[in-house]
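Everything on this sheet refers to the single structure shown next.
The values are calculated or read from the model by the stated rules, or taken from the named source; none is laboratory data. If you're wondering where the values come from, they're calculated on a predicted model, not measured in any experiment. No Cβ is skipped: glycine too gets one built from the backbone with ideal geometry, and neighbour counts run over all protein chains shown.
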Amino acid sequence: MKPEPQAPANHTFQSVKELEAHSKTRMDKVLSDLQNAIASIRTGRASVGIFDNIKVDYYGTPTPLNQVANLHVPEPSLITIQPWDVSQIAAIEKAIRGSDLGLNPANDGKLIRVPVPPLTEERRKEIVKRLHNVAEEHRVAARNIRRDANEHLKKLLKDKLISEDEERRALDDVQKITDAHILKIDAASKAKETEIMGGK
């Protein structure tokens, strides 16, 4: 996961409302980063989303696969990749083989076919383990944002910009925002796990 941008230590919030809105926006970013990360985790069914994080060496520039080729799922266990420039076929195949997806592409000179074999029980478990790590990284990111917000609240109290009651209420609100985001992270992770284990 990309390190989440922090509020600069010297950032001064004028109000609790502004601080809460800032924290919520940062947690929303963590959630959308998680959704992108989850989309690229392979399940037993062919999906072009599994190639989202694959970059192809396009004339020396690492370029997302979907920017150098058309991707299609003609059947549940097959993905086809039509390079816009056929001279890129070898580079595309190399990028897929070099990924941790465990796929074996083949080409006929114009089109790359990537069979998506059903996942073994062992492979499903490995993928679920990876999913759990990804989810945990995002939970930690959300908690770090909460910690940041709490530190800013202490500063607002110390600078006498808010009362102790306001600080208490705000700490409670920040905790609620955090809990809501962690629940969403858990739900997204659980749904993906079901998909991986059930092969849906």
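With 94, 110 as the choices, which residue is of a type in the set (Lys, Arg), out of contact with any Lys or Arg (no Cβ under 8 Å at 6 or more places or on another chain) and in a helix (DSSP H, G or I)? Residue meeting the stated conditions: 94.
Considering region 186-200, and only residues there that are basic (Lys, Arg) and in a helix (DSSP H, G or I), the residue that is modelled with the lowest pLDDT turns out to be 192.
Residue 32 falls short of the stated requirement of being assigned to a loop (DSSP other than H, G, I, E, B), without any contact (Cβ under 8 Å) to a residue 60 or more places away in the chain and of a type outside the set (A, V, I, L, M). Inspection of region 47-66 finds a residue satisfying the criterion of being more than 28 Å from residue 143 (Cα to Cα), in contact with a helix residue (DSSP H, G or I) (Cβ under 7 Å, 6 or more places away or on another chain), basic (Lys, Arg) and at pLDDT below 95.
One residue stands out among those in region 105-126 that are acidic (Asp, Glu) and loosely packed, with under 11 Cβ neighbours inside 10 Å: the one that is modelled with the highest pLDDT, which is 108.
Checking each residue of region 157-171 against the condition of being under 28 Å from the mean Cα position of the chain (by Cα) and either loosely packed, with under 14 Cβ neighbours inside 10 Å or more than 10 Å from residue 16 (Cα to Cα) (or both) gives no match. Applying the condition of being among the acidic types (Asp, Glu) and assigned by TED's automatic domain parsing to the domain that holds residue 79 to region 32-67 and asking which residue is farthest from residue 133 (Cα to Cα) yields 57.
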